[in-house]
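Q: Below is one structure. I have some questions about it.
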Amino acid sequence: MNIVVCVKRVPMTQEVDLIIDEGKKGVREDELAYVINDWDNYAIEEAVLLQEKFGGTVTAVTIGDEEDEEVLRRALAMGADKSVRVDPGDRELDGFVVSGILAKVIRDLEFDLVLTGVQADDDNLGMVGIMLAEKLEVGHASVVVGVEPDGDSARVKVELEGGMDEVSNLRLPALLTVQTGINEPRYVSIMGIRKARKKELNVVGVEELGLSEEELTPMTRIEEVFLPPETDGAEMIEGDSSAVAEQILRIIREKGVGI
Amino acid sequence: MGEILVVVEHRQGEVREISKEMLFKAGEICRNASHELVAVVLADNAADNIVPEVAKMAERVLVFQDDRFNNFDSHLYREVLARLVRERNPFLTLMGHTSWGMDLAPALSIKSGYPLATDCVDIVIEDGRPSVVRQIYSGKLFSRVSFRESTGYLITVRPGAFLVPEEQPEVEGKTELHELYPDMAETGKEFLEFVDTGAGDVDITQADLLVSVGRGVGEEENIADVQELADVMGGTLSCSRPVVDKNWLPKYHQVGTSGKSVKPKVYFALGISGAFQHVAGIAGAGTVIAVNKDPKAPIFRVADYGVVADLFNVVSALKEKL
């Protein structure tokens, strides 16, 4: 079973103050720490688990600059065999352009499955995986929480809204967008990442891929980034822990809950 | 003027709430810009239930009735819709930003060549061109997004972004039955079953007080601490998605779009940042009290009371008082 997994490096934004940049089209990125996109981490783990069970190779692909190789090394340390980074230069990227670049690279690889995350933590688009599947002309499923390959198809479990999963058979090759919680991603040590440096990491420039101008033209553009509109917001409870606890208990009791 | 197409999402014979929200928003846009609202229903004989419901909110309902639509299949939907947009050139096509919509909309975009913006919380038409508002960085910021010029545009709509008012004037939409195109390609997907993931030993939907824990709990061992607090308070323990993803609590504790919608008198959120998927599940809560270290956490935008603090300090202080 040969698997391609698409990964992205994203800024960590939990408990971080994001500052809108001067052009108001993005955020100041210089002081942010970067990590692997959470969904992609699960996708890599799923690829490696399937490879351990069924054999074959796992290839990790990302689009980005040299610093983004960090997520490829991480994928290699988790068990991927080889990796590709496409350098986009200073091209403007949106979900459409990204899917076009990925399709061009992946089309030449042998694969039974392509895995991506459901979405990325920064742009929250959730479109690249399925656009990629269409460009590769393979079947697809979104928000996948279980995969069991069986011959030339796979039993795929999709998470729906409202506490319900949908189980289907999907013909292979196919692309799945992987939801968090599908597995427990393994721990990666610094030592492991260092060792993975011996594994294959190829770099391709986007201009070498021979994509048309149409394929490299974004479908959408961010015109402005702004802070969430003001709401009434929460009434803040202040004071030391003991005073805060008193207040919380008072509010809960006032609302008719007996404690 | 052009049409606004709404792709109706339904499951097991029921129209999903997102469909009504899209019809409501599309209706509003149509009134302001004299477009025509057209709902599209792809269904098997469940169409008999679905169509009357939809016709109350759309001037025209296009129905493709076929046994192959007994369950959602994004490949079939894409085939039908791609041909439909080619025939009708709708100005806007709306789909839900749901598990199914996420599998359909990007596919339709590639097939039709229409540009797509996903997970939109607002839609504005200016000078005949749409632009949308969507959240980025998990709701910490908003963005206004424009499309490249096209005859039609595709948008997926975030569930809960456009709430339908209780008093909605009803229309009597015309129904048009369409034959399914004869040369539909075979699809590589076979539906097997639905699995209920919400059942378990604890029913969080019945609790008056939910003590709910999120990513901020940090370690699996710490869950016991919060469980203890829930016990002494006489409340029920619930959680947000990251806690279930890490297997620290079973799925039936999960509040949110993929878990359960809850309606306690008090929802006490500990270390929950407030992703929209979570917040959507607590819309029915009486009072929300949130504790989080991050003063910018989105949960404070929806909570009634907030505490910026380490949740464990608050948990121990509460235990001391009980």
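Q: Taking the stated definitions as given, is residue B:230 free of Cβ contacts under 8 Å to residues at least 24 places away in the same chain, at negative phi and out of contact with any helix residue (DSSP H, G or I) (no Cβ under 8 Å at 6 or more places or on another chain)?
A: Working: free of Cβ contacts under 8 Å to residues at least 24 places away in the same chain: yes; at negative phi: yes; out of contact with any helix residue (DSSP H, G or I) (no Cβ under 8 Å at 6 or more places or on another chain): yes.
So residue B:230 passes the test.
Q: Still on this structure, I have one more. Of all residues in the stretch A:190-208, which are over 18 Å from residue A:82 (Cβ atoms) and in contact with a helix residue (DSSP H, G or I) (Cβ under 8 Å, 6 or more places away or on another chain)?
A: If the condition is that a residue be over 18 Å from residue A:82 (Cβ atoms) and in contact with a helix residue (DSSP H, G or I) (Cβ under 8 Å, 6 or more places away or on another chain), then A:206 is the only one that fits.
Q: Could you check the stretch B:75-115 and list, in sequence order, the residues that are polar (S, T, N, Q) and at the interface with chain A (Cβ under 7 Å from one of its Cβ atoms)?
A: Passing the criteria: B:98, B:99, B:109.
Q: Can you tell me which of (1) crowded, with 17+ Cβ neighbours inside 10 Å; (2) touching a Leu at 6+ places or on another chain (Cβ under 9 Å) is the one residue B:234 doesn't meet?
A: Among (1) crowded, with 17+ Cβ neighbours inside 10 Å; (2) touching a Leu at 6+ places or on another chain (Cβ under 9 Å), the lone unmet condition for residue B:234 is (1).
Q: Additional query: Counting residues that are under 18 Å from residue A:216 (Cβ atoms) and modelled with pLDDT of 95 or more, which strands (runs of 3 or more DSSP E) fully inside the stretch A:1-120 reach at least 2?
A: Hits in the stretch A:1-120: A:58-63, A:82-87.
Q: Between a residue in the stretch A:16-30 that is within 11 Å of chain B (Cβ to nearest Cβ) and any residue that is assigned to a loop (DSSP other than H, G, I, E, B) and surrounded by 15 or more Cβ atoms within 10 Å (Cβ to Cβ), which pairs come within a Cβ distance under 7 Å, given they are 6 or more apart or on different chains?
A: A:16/A:32; A:17/B:296; A:18/B:140; A:27/A:18
Q: Go over the candidates A:142, A:153 one by one and state the one that is facing another protein chain (nearest Cβ under 9 Å), touching a strand residue (DSSP E or B) at 6+ places or on another chain (Cβ under 6 Å), small (Gly, Ala, Ser) and more than 28 Å from residue B:134 (Cα to Cα).
A: A:153
Q: If I ask for residues that are among the charged types (D, E, K, R), farther than 27 Å from residue A:154 by Cβ and under 18 Å from the mean Cα position of the chain (by Cα), which ones from the stretch A:46-86 would you list?
A: The first filter runs over the stretch A:46-86 and keeps only residues among the charged types (D, E, K, R), leaving A:46, A:52-53, A:65-70, A:73-74, A:81-82, A:85.
When the remaining residues are screened for being farther than 27 Å from residue A:154 by Cβ, the result is A:65-70, A:73, A:85.
Hits for the stretch A:46-86 are A:65, A:67, A:68, A:69, A:70, A:73, A:85.
Q: I'd like to check something: does the stretch A:241-252 contain any residue that is without any contact (Cβ under 8 Å) to a residue 24 or more places away in the chain and of a type in the set (Lys, Arg)?
A: Yes: one or more hits.
Q: Let me ask something else. Just to confirm my filter: which strands (runs of 3 or more DSSP E) fall fully inside the stretch B:34-149 and include at least 1 residues that are among the basic types (Lys, Arg) and closer than 30 Å to residue B:186 by Cα?
A: B:60-65
Q: Residues B:157, B:145, B:195, B:211: which one is more than 11 Å from every other protein chain (Cβ to nearest Cβ) and among the aliphatic types (A, V, I, L, M)?
A: B:157
Q: It is to be established whether one or more residues within the stretch B:135-146 are surrounded by fewer than 14 Cβ atoms within 10 Å (Cβ to Cβ) and touching a residue at least 12 places away in the same chain (Cβ under 8 Å).
A: No, every residue in the stretch B:135-146 fails to be surrounded by fewer than 14 Cβ atoms within 10 Å (Cβ to Cβ) and touching a residue at least 12 places away in the same chain (Cβ under 8 Å).
Q: Further question: For the stretch A:245-256, state whether one or more residues are out of contact with any Ser or Thr (no Cβ under 8 Å at 6 or more places or on another chain), more than 9 Å from every other protein chain (Cβ to nearest Cβ) and either part of a loop (DSSP other than H, G, I, E, B) or not hydroxyl-bearing (Ser, Thr, Tyr) (or both).
A: For the stretch A:245-256, residues out of contact with any Ser or Thr (no Cβ under 8 Å at 6 or more places or on another chain), more than 9 Å from every other protein chain (Cβ to nearest Cβ) and either part of a loop (DSSP other than H, G, I, E, B) or not hydroxyl-bearing (Ser, Thr, Tyr) (or both): present.
Q: Among the residues of the stretch B:55-79, write down those that are under 21 Å from residue B:173 (Cβ atoms) and touching a His at 6+ places or on another chain (Cβ under 9 Å).
A: Matches in the stretch B:55-79: B:62, B:63, B:64, B:65.
Q: Say we look at the stretch B:282-322 and pick out the residues that are facing another protein chain (nearest Cβ under 7 Å) and assigned to a helix (DSSP H, G or I); which of these is nearest to residue B:235 (Cα to Cα)?
A: B:318
Q: Can you tell me which residues in the stretch B:151-165 are of a type in the set (Gly, Ala, Ser) and either assigned to a strand (DSSP E or B) or under 20 Å from residue A:134 (Cα atoms) (or both)?
A: Of everything in the stretch B:151-165, just one residue is of a type in the set (Gly, Ala, Ser) and either assigned to a strand (DSSP E or B) or under 20 Å from residue A:134 (Cα atoms) (or both), namely B:152.
Q: Residues in the stretch B:89-101: is at least one farther than 22 Å from residue B:24 by Cβ and free of Cβ contacts under 8 Å to residues at least 40 places away in the same chain?
A: So far as the stretch B:89-101 goes, no, none of its residues is farther than 22 Å from residue B:24 by Cβ and free of Cβ contacts under 8 Å to residues at least 40 places away in the same chain.
Q: Filter the stretch A:171-206 down to residues that are within 17 Å of the chain's Cα centre (by Cα) and not small (Gly, Ala, Ser), then give me how many there are. Spell out the reasoning first.
A: Kept after step one, since they are within 17 Å of the chain's Cα centre (by Cα), are these residues of the stretch A:171-206: A:175-186.
Cutting the leftovers down to not small (Gly, Ala, Ser) gives us A:175-180, A:182-186.
Matching residues across the stretch A:171-206 total 11.
Q: Tell me the residue from B:281, B:259, B:200, B:218 that is surrounded by 21 or more Cβ atoms within 10 Å (Cβ to Cβ) and either aromatic (Phe, Trp, Tyr) or in contact with a helix residue (DSSP H, G or I) (Cβ under 9 Å, 6 or more places away or on another chain) (or both), please. Break it down into steps so the answer makes sense when it comes.
A: On the way: B:281 fails: either aromatic (Phe, Trp, Tyr) or in contact with a helix residue (DSSP H, G or I) (Cβ under 9 Å, 6 or more places away or on another chain) (or both); B:200 fails: surrounded by 21 or more Cβ atoms within 10 Å (Cβ to Cβ); B:218 fails: surrounded by 21 or more Cβ atoms within 10 Å (Cβ to Cβ).
Going through B:281, B:259, B:200, B:218 in turn, just one is surrounded by 21 or more Cβ atoms within 10 Å (Cβ to Cβ) and either aromatic (Phe, Trp, Tyr) or in contact with a helix residue (DSSP H, G or I) (Cβ under 9 Å, 6 or more places away or on another chain) (or both): B:259.
Q: So which pairs qualify, if the first residue must be in the stretch A:178-203 and at positive phi, the second must be not in a helix (DSSP H, G or I), the Cβ gap must be under 9 Å, and the two must be at least 6 apart or on different chains?
A: Partner pairs satisfying both residue conditions: A:181/A:145; A:181/A:159; A:181/B:246; A:181/B:247.
Q: Has the stretch A:136-149 got at least one residue that is closer than 25 Å to residue B:240 by Cα and touching a residue at least 60 places away in the same chain (Cβ under 8 Å)?
A: yes
Q: Against the definition (over 18 Å from residue B:182 (Cα atoms), buried (at least 17 other Cβ atoms within 10 Å of the Cβ), within 23 Å of the chain's Cα centre (by Cα) and at pLDDT 95 or above), how does residue B:112 come out, yes or no?
A: It is false that residue B:112 is over 18 Å from residue B:182 (Cα atoms), buried (at least 17 other Cβ atoms within 10 Å of the Cβ), within 23 Å of the chain's Cα centre (by Cα) and at pLDDT 95 or above.
Condition check ((1) under 21 Å from residue A:239 (Cα atoms); (2) in the same structural domain as residue B:238 (by TED's automatic domain parsing); (3) without any contact (Cβ under 8 Å) to a residue 24 or more places away in the chain; (4) in contact with a Gly (Cβ under 6 Å, 6 or more places away or on another chain)) across all residues:
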{"position": "B:271", "(1), (2), (3), (4)": "yes, yes, no, yes"}
{"position": "B:277", "(1), (2), (3), (4)": "no, yes, no, yes"}
{"position": "B:299", "(1), (2), (3), (4)": "yes, yes, no, yes"}
{"position": "B:304", "(1), (2), (3), (4)": "yes, yes, yes, no"}
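The values are calculated or read from the model by the stated rules, or taken from the named source; none is laboratory data. This is a predicted model, so every value here is computed, not measured. In this analysis, Cβ positions are derived from the backbone assuming ideal geometry, glycine residues included, and neighbour counts consider all displayed protein chains.
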